[in-house]
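Derivation of every value follows stated rules applied to the coordinates shown; laboratory data play no part. Everything numeric here is computed off the predicted structure, so don't read it as measured data. Using ideal geometry, Cβ is built from the backbone for each residue, glycine included, and neighbour counts are taken over all protein chains shown.
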Amino acid sequence: MSNSLFYLLVSALLYGISLLLPFFMKRSILFGVRIPLDSKAERFIRATIRQYRFLISALFLGYILISLVILNYYFNLTLFEILIFGDLVIYLSVIYYFNKKTLRWKNSILASQATQNTIVVDTAFREGKVTISPWWFLISFAVVGLHFIYVNFQYDRFPQRLAVHYNIQGQADRFIPKSWWAVNQLPLISLGIVLLMFGIFYVIRRSKQEIDPSNPDISVHQDRRFRYYWSVYVVIVSILMSAYFFYFSCLILFSYFSVWIIWSVPFLIIAFTIGLALYTGQSGWRLKEKSPLSSERIKAMRDDDRYWIGGLFYCNKNDPAIFVEKRIGIGWTINFCNIWGVLILAVTLLLILIALLL
């Protein structure tokens with residue numbers, strides 16, 4: 001796989017996800033801003049999404065073309081990473097711009113309207129089946145255990161120099177001498193990923209509710225289904241990743257490497273993620289329910305935009321919740337004004353950094 005082709009694939013993936021972003025967002029939230037839903041709002045939503053897609057397409061496609069020209073004449077890993085980071089900067093900048101635009105529009109229309117600020121909590125929410133059973137993680141832990149047993153029983157068969165890093169062409173470019181630590185490196189990383197997946201599973205199970213006050217019954221049911229589907233997803237990805245790293249150890253042992261095989265699993269997981277996100281939407285709002293939606297949304301909504309920075313970062317020191325639903329994208333984020341949330345994020349990033357440097 002050429003450098004330019006690999007960059008094109010990664011950038012095209014980021015561009016595709018950015019185009020699909022409006023499909024993920026809840027109907028009552030536009031670019032991180034909670035909005036009332038009426039005929040005037042519907043017109044603004046359609047117009048804003050069209051503008052977003054035009055701007056993100058123009059910036060992304062122009063940037064990708066320029067980057068491909070640069071990569072054809074000069075390439076190194078640092079430049080490649082800088083160009084990918086540029087893709088993310090474009091995405092976040094456009095999101096921030098439309099977040100501020102939506103916030104200005106909301107403030108202008110609500111200045112002349114009386115809107116009830118309502119918060120709904122279902123105290124019996126977790127009495128029903130919110131997630132799949134956590135015992136399913138035993139499969140992932142069993143695969144990791146077999147991985148540890150396998151590499152240690154095969155220790156003498158491993159080469160004296162072990163490849164620990166491959167470039168995008170699948171060529172080994174960094175080696176370390178064989179040792180117990182080197183041989184068990186992949187099982188340890190696999191164990192870390194499974195533990196991370198289990199942590200995400202716990203977040204899905206225990207995170208703060210986000211209930212639409214105008215349609216609480218429908219919203220609760222959608223949220224419960226949303227959490228259940230994504231808990232199944234986390235378990236499946238955990239099993240896939242533990243098996244994937246087991247496969248990596250076998251590749252090292254038998255000195256066989258296929259770029260397409262190695263990249264097929266990550267892209268399969270990405271496709272699975274996007275497909276499930278399109279099916280559920282954030283908080284399950286795309287999941288169909290029999291009951292009609294209420295027409296009273298403008299009279300009952302929760303106005304907490306002041307706690308969201310750019311629609312991306314939640315910071316509310318008066319909220320004891322550690323994890324809250326994202327406003328942009330799918331999943332959950334932390335309360336950056338909660339010390340426990342910050343510590344959890346710091347430890348997670350530190351463990352990821354250690355895994356990348358191994």
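Quick check on packing: order 233-242, 96-105 by the mean number of other C-beta atoms within 10 Å, highest mean leading.
In descending order of packing, they fall as 233-242, 96-105.
Filter LYS100/LYS208; LYS106/LYS288; LYS40/LYS101; LYS129/LYS208; LYS40/LYS317; LYS26/LYS288 down to the pairs with a C-alpha to C-alpha distance above 23 Å, please.
Where the Cα-Cα span goes over 23 Å, the pairs concerned are LYS100/LYS208; LYS106/LYS288; LYS40/LYS317.
Just add up the charged neighbours of ILE309: K/R +1, D/E -1, any other residue whose Cβ is under 15 Å from the Cβ of ILE309.
Every neighbour counted, the sum reads +3.
To the nearest 0.05, how large is the calculated FRET efficiency for LYS317 and TYR202 if R₀ is 22 Å and r is the Cβ-Cβ distance?
0.45
Under a 5 Å amide H to amide H cut-off, with H placed in plane at 1.01 Å, what residues pair with LEU162 once short-range neighbours are removed?
Amide H to amide H, under 5 Å and 5 or more residues apart or across chains, LEU162 pairs with ILE176, LYS178.
Mind putting together the pair-distance distribution for the range 1-113? All Cα pairs, 10 Å bins, whole percent per bin, short to long.
Spelled out bin by bin, the range 1-113 gives 13, 40, 24, 15, 7, 1 percent.
Output wanted: per-residue J couplings in Hz (rounded whole) for the range 222-228, from phi through Karplus 6.51 cos²θ - 1.76 cosθ + 1.60, θ = phi - 60°, x for Gly and Pro.
Ordered by residue, 3J(HN,Hα) equals 5, 5, 5, 5, 4, 5, 5 Hz.
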